[in-house]
Amino acid sequence: MHRQMLSLFTIVSFVFSLFSTPAIAQTTTTTNVDTVIIVNGGDISTIDAAIAAGIHGDLGIPVLYTEHGDISSDLHKTLQDLNAENVVIVGGPAVVSSNAEESLEKFGYDVTRLHGTTATGTAVETIEYFYGPGTLEEVSLVKYEGDTAEGYQDVLTLSAELGKPIIPIPSDVDGLPADVTDALSTAGVDEVTVVGDFGQETAIKNDL
């Protein structure tokens, strides 16, 4: 079923070190936006920032960074300037604190938190939130080496370059997790780019 879902499958050999310029927080001059994404911009959660950057690149939703997991006065002012009504936190309480979430709610924002137990799970939740059935054409599955600052930065920079939703996949995965294939099918994805050298590339392709 999932093979029929895809009209195009692309394998991309990619050397992450080619991208050496760090991605920065997304900025916008737009006012009266409906939704804003907030992520922790520090090394501990740059994978969340990468996932958010993919959404920004495709949908144009502003992404704001907090480096301390809280809501600073400057961040609050930016939200006010944008006239945002909905705030989507990408990442768990360990990276954007529960206090930050409660502060946003007290300020009057409608707050949604998206996070899974893994980076892959967080990406799947984010795609399911922002895209309804049959509304997403392209996704990139990106090789993810794990919890290192260098690995985070590689995926963040790549996500900004691609400009479309990404799903980080562990390099040693044996085929695709069921939640990934289900999300791709539901969203109506028909073009998948696989970025990186996966040991089980054939299994991934077969699942797709």
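The values are calculated or read from the model by the stated rules, or taken from the named source; none is laboratory data. Quick caveat: nothing in here was measured; it's all calculated off a predicted structure. FYI the Cβ positions are ideal-geometry reconstructions off the backbone, even for glycines, and counts take in every protein chain you see. Note: areas computed on protein heavy atoms with side chains; ligands, DNA, RNA excluded. Shrake-Rupley method; radii C 1.70, N 1.55, O 1.52, S 1.80 Å.
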Heavy-atom surface of the range 60-174, accessible at 1.4 Å and reported per residue (Å²): 46 Å²
Qualifying lysines (Cα of each under 29 Å from Cα of Lys143; at least 8 residues distant if same chain): Lys164, Lys205
Projected label distance in nm at Asp34 and Asp174, using a 7 Å step from Cα toward the beta-carbon: 4.3 nm
For Ile89, distant residues with modelled amide H under 5 Å away: Ile38, Thr112, Arg113, Leu114
Calculated FRET efficiency for the pair Ser185/Asn99, C-beta based, R₀ 35 Å, to 0.05: 0.40
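Efficiency by 1/(1 + (r/R0)^6): what FRET value for Gln80 and Thr118, r their Cβ-Cβ distance, R0 = 30 Å, to the nearest 0.05?
In this case the efficiency is close to 0.30.
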